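To start, the structure itself, in structure tokens.
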Amino acid sequence: MNLLFANDRAGAYPPSYYAATATPLPAQPPLDGDRRADVCIVGAGYTGLSAALHLAQQGLDVVVLEAHRAGFGASGRNGGQVGTGQRIGQDAIERMVGRDDAQRLWQMGLDSVALVRALIDAHGIDCGFRPGIVHAEWQARDVPHSHAYAARLRRDYGYDQMEPLDRDALRAIVGSDAYHGGVIDHGSGHLHPLRFALGLARAALDAGAVLHERTLVTAIHPGAQPRVETETGSVTADHVILAANGYLGALDGHVAARVMPINNFIVATEPLGARRDAVLARDVAVADSKFVINYFRLSQDGRLLFGGGESYGYRFPDIIATVRKPMLEVFPHLHDARIDYAWGGTLAITRTRLPCFARPAPGVWSASGYSGHGVALGTLAGRVLAEAIGADADRFELMARVPLPRFPGGAALRAPLLALAMTWFSLRDRLGL
């Protein structure tokens, strides 16, 4: 199944709150015929657009190919959380790569948030960035660990932006009795993800990059002068960047064996008006500790944007029913709140939950698999790819040497094995194990 077309209309953004509150780019023409470029980028999400911007600023001739519209995929549909660090904790990363590289990976996580904020400021991107993410613990036994982790980041990494929250302190922010405590990370933040993606696209075009929308890539031929084939032409380049994340499909087997697409779902309620403070008393985002994670925040017009729920197939389910259930577990007092928007999208995970940076074939570069941490890391990945193509591959090589095992059975068995794992872990969530 080609996930590019499994759940969406060709060339159309999903009917999301984000699409309803963003101004799209003027339609960019499909590729017509054969052309040459210094760099060809497959995918116009955060990674591809950030790479295009930074490469064009280096004076390179950059062509971006997008099957639908800029920001169409996960970059325009996600929860909008701009998190620090990597997707997993530093304890696990230290065991995986050692203390020195773990320190550098932590710094890259900080750099990713700083880059997002710098790009917003430099290019005047109107995406409503606000600071703060609360990490809320579903189980009481996990609260001491989260507080100890915040203390360790302060002690060993010099990071002093994590504030521990006991149950009462968390309850004063999040209007729910579902959580037992947690932390708030003042160094992170949240934003309107599609507006940010479109802002990157405009900045890349202004810098001289060329974007071809409605241009489906059908094959990649690696080599000293790799060639990218589409339905309507081709691009021959010195370098090709694969930046399609969960929508890469079968274009590269090395990446497909290590990066698995999964779907996620979000709803937007009606504007809550006077009830908004009973949901979130502060303008922060929240992510909880369930394996099938819940994440939520308020929109700029006072709606609850709530992501969650589970689905084991690539066809979207009844999204309102899927997400309403976990939403009401957290906020039962919203049982009568109208749902105005509901949408799904495809992201990508890896077995370690750390991103996959690779050179899978001659002339081909790839970064993907951000595992729900892609607003910041995907944006930084684009810059890191641009640095590497510009002869400074230090940060790319750091990411590329992180051990990243294949999914058992490779691309063929990754989806059914994920369904089994999700069934088990969602059962653990429900039983409180």
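Each value in this text was obtained by applying a stated rule to the coordinates, not by laboratory testing. A quick note: this is a predicted structure, and the numbers were derived from the prediction, not measured. Cβ placement follows ideal geometry from the backbone for every residue including glycine, while neighbour counts extend to all protein chains displayed.
Using +1 at the C-beta of Lys and Arg and -1 at the C-beta of Asp and Glu, which of G98, A70, F129 has the Cα lying farthest in the positive direction of the dipole of region 69-132? The residue sitting farthest along the positive end of the dipole is A70.
Once the other residues with Cβ under 10 Å from the Cβ of A102 are scored (Lys, Arg +1; Asp, Glu -1), what is the net sum? Cβ neighbours under 10 Å give a net charge of -2. Size descriptors for region 248-394: radius of gyration and Dmax over Cα atoms are 18.4, 58 Å. In this Cβ point-charge picture (+1 for Lys and Arg, -1 for Asp and Glu), region 80-138 has a dipole of about 40 debye about its Cα centre. If you wrap the Cα atoms of region 67-197 in a convex hull and average its projected area over all directions, you get 9.8 nm². Note on region 1-134: Cα-Cα pairs beyond 22 Å make up 53% of the total pair count. Highest GNM mean-square fluctuation among G79, G11, G71, for the chain modelled with Cα contacts below 10 Å: G11. Based on every Cα atom in region 310-387, Rg and the maximum pairwise Cα distance Dmax equal 17.7, 56 Å. Look at the dipole of the chain built from charges on Cβ: of Q161, V217, L328, the Cα furthest out on the positive end belongs to L328.
Computed about the Cα centre, the dipole magnitude for the chain is approximately 780 debye when only Lys and Arg (+1) and Asp and Glu (-1) carry charge, each at its Cβ.
Based on DSSP H assignment, which helices of the chain show an axial Cα extent of at least 30 Å together with a mean Kyte-Doolittle hydropathy greater than or equal to 0.0? TM-like helix candidates: 410-431.
Sorted from greatest to least, the principal axis extents spanned by the alpha carbons of region 6-79 come out as 36, 26, 22 Å.
Once backbone amide H atoms are built at 1.01 Å from N, L280 has G175 as its partners under 5 Å, excluding neighbours fewer than 5 places away on the same chain. The distance linking region 218-294 with region 146-190 is 27 Å (Cα centroid to Cα centroid, whole angstrom). Note on the chain: helix-only mean residue ellipticity at 222 nm, from DSSP H runs of 4+ residues weighted -39500 (n - 2.57) and normalised by residue number, equals -10500 deg cm²/dmol. Considering only alpha-carbon pairs that sit under 8 angstrom and 6 or more positions apart, the relative contact order computed for region 36-112 is 27 percent.
Under the criterion of Cα pairs below 8 Å and six or more residues apart, the relative contact order for the chain equals 24 percent. Just so you know, the Cα atoms of region 144-204 work out to an Rg and Dmax of 16.1, 46 Å.
When DSSP beta bridges are restricted to pairs lying wholly in the chain, around 65% turn out antiparallel. Work out the charge dipole of region 227-326 with +1 on the Cβ of Lys and Arg and -1 on the Cβ of Asp and Glu about the Cα centre, then indicate which of I319, A256, P271 is farthest towards its positive end. Selected residue: P271. Its Cα centre serving as origin, region 153-302 has a Cβ charge dipole (Lys and Arg +1, Asp and Glu -1) of approximately 100 debye. With coordinates expressed along the principal axes, the C-alpha atoms belonging to region 109-261 extend over 60, 38, 32 Å, beginning with the largest.
On a per residue basis, the convex hull of the C-alpha atoms belonging to the chain measures out at 128 Å³. Of A207, A237, A12, the residue with the greatest mean-square motion in the GNM of the chain, using alpha carbon springs below 10 Å, is A12.
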